[in-house]
Amino acid sequence: MHAIILAAGRGSRLLPLTTDLPKCLLPIGNTTVLGMQLDTLAAHGVETATVITGFNSHMVKAEIKARQGGPRVKTLYNPFFQVADNLASCWMARKSMRQNFLLINGDTLFSPELLQTVLAAPAKDVSVTIDQKGYYDGDDMKVTLDGSQLTAIGKTLPLTETDGESIGMLRFMDAGPKIFRNELKRLMKTSDGTKSWFLSAIHGLAQSGQHIDTINIKGAEWSELDTPEDYEICRSLFGDSETARKRFSVI
């Protein structure tokens, strides 16, 4: 299994922590967000990864170069990261989508148990990892389900049609990589292509009748990293450190 990590963004909502530091390099425990992602992937047999960089790309590349152990990582630079959303990052990585792969947001932290659940789930072309909880806010990437099949995904879905949220980890197997590449190609030819989230591609596929499976990890530990409050949760769940405390103290 290959992994593609979308880590081009700066994380402006985390300022001043991200004045110079990409949010994927914020310290977590004895490593960084990206380091923890890569360590967890390696521990579960993921041998290769592609990391899409953008903001202060040289710092991300230096972090990867200094790593000990797997997976083997290559980086791809997205020169449009300041003016485009992450669909463009996926477009940059399309040549890495010719095998079974995981697609992971660079700001999603996840437990080893969660990753094992995703990797061990029955093989489906396209699988979106979801969680379920008692409430959903405007920042959640909400999903509508028909059984375990995803029929819609987006932040603006009405709460009456919300059955869960995407955690920012997808798995593509068998025909899935080609299905996703073709949808990326279609969307990038539209006027809104570069302004779209990559999950717009999943929504489009679902709305066109393509079967989109889900993997429910309800109860497993994970967190996204968009705000200082999120960072505090990430540190609580996945490890604090003196480095993190020093950076966090400036807020």
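Which of Asp174, Asp146, Asp230 moves the most in a Gaussian network model of the chain with Cα springs under 10 Å?
Asp146
What ranking do 11-17, 35-41, 166-172 get when scored by the average of other Cβ atoms within 10 Å per residue, highest first?
Sorting 11-17, 35-41, 166-172 by mean packing, highest first, produces 166-172, 35-41, 11-17.
Are there chymotrypsin sites (Phe, Trp or Tyr not before Pro) in the range 101-168 that DSSP puts in a loop and that have at most 15 other Cβ atoms within 10 Å, and which ones?
Filter output for the range 101-168: Tyr135.
Ranking request for peptides 23-34, 199-210: highest mean number of other beta-carbon atoms within 10 Å first, then the rest in descending order.
The packing order, highest mean first, is 23-34, 199-210.
For a quick check, take a GNM of the chain with Cα springs below 10 Å and name the residue from Ser148, Ser96, Ser196 with the largest mean-square fluctuation.
Answer for the Gaussian network model of the chain: Ser148.
Expressed as a whole percent, how much of the Cα-Cα distance distribution for the range 126-194 exceeds 19 Å?
When all Cα pairs of the range 126-194 are counted, 44 percent exceed 19 Å.
If you average the C-alpha positions of the range 90-113 and of the range 133-155 separately, how far apart do those two centres end up, in angstrom?
What the calculation gives is 20 Å, centre to centre.
Quick one: compute the contact order of the chain, relative version, from alpha carbon pairs under 8 angstrom and 6+ residues apart, as a percent.
Relative contact order comes out at 26 percent.
Antiparallel as a % of all DSSP beta bridges within the chain, to the nearest 5?
In the chain, approximately 50 percent of DSSP beta bridges are antiparallel ones.
Please give every one of the lysines within straight-line cross-link reach of Lys61, meaning a C-alpha to C-alpha distance under 16 Å, and leave out same-chain neighbours fewer than 8 residues apart.
Lys23, Lys74
Fully extended, how many nm does the chain gain between Asp137 and Ser191 (0.36 nm per residue separation, minus their Cα-Cα distance)?
Length difference between fully extended and current span is 16.6 nm.
If neighbour count is taken as other Cβ atoms inside 10 Å, put Arg98, Arg10, Arg67 in order from fewest to most.
Listing Arg98, Arg10, Arg67 from fewest to most nearby Cβ atoms yields Arg98, Arg67, Arg10.
Arranged from highest to lowest average of other beta-carbon atoms within 10 Å per residue, in what order do the peptides 42-52, 150-160 appear?
Answer by packing, highest mean first, reads 42-52, 150-160.
Once the Cα atoms of helix 176-188 and of the chain are each reduced to a long axis, what angle between those two axes, in degrees from 0 to 90 to the nearest 10, is obtained?
90
No lab work stands behind these numbers, since they all come straight from the coordinates. Model, not experiment: these values are computed from the prediction. Cβ: placed from backbone, ideal geometry, glycine included. Neighbour counts: every protein chain shown.
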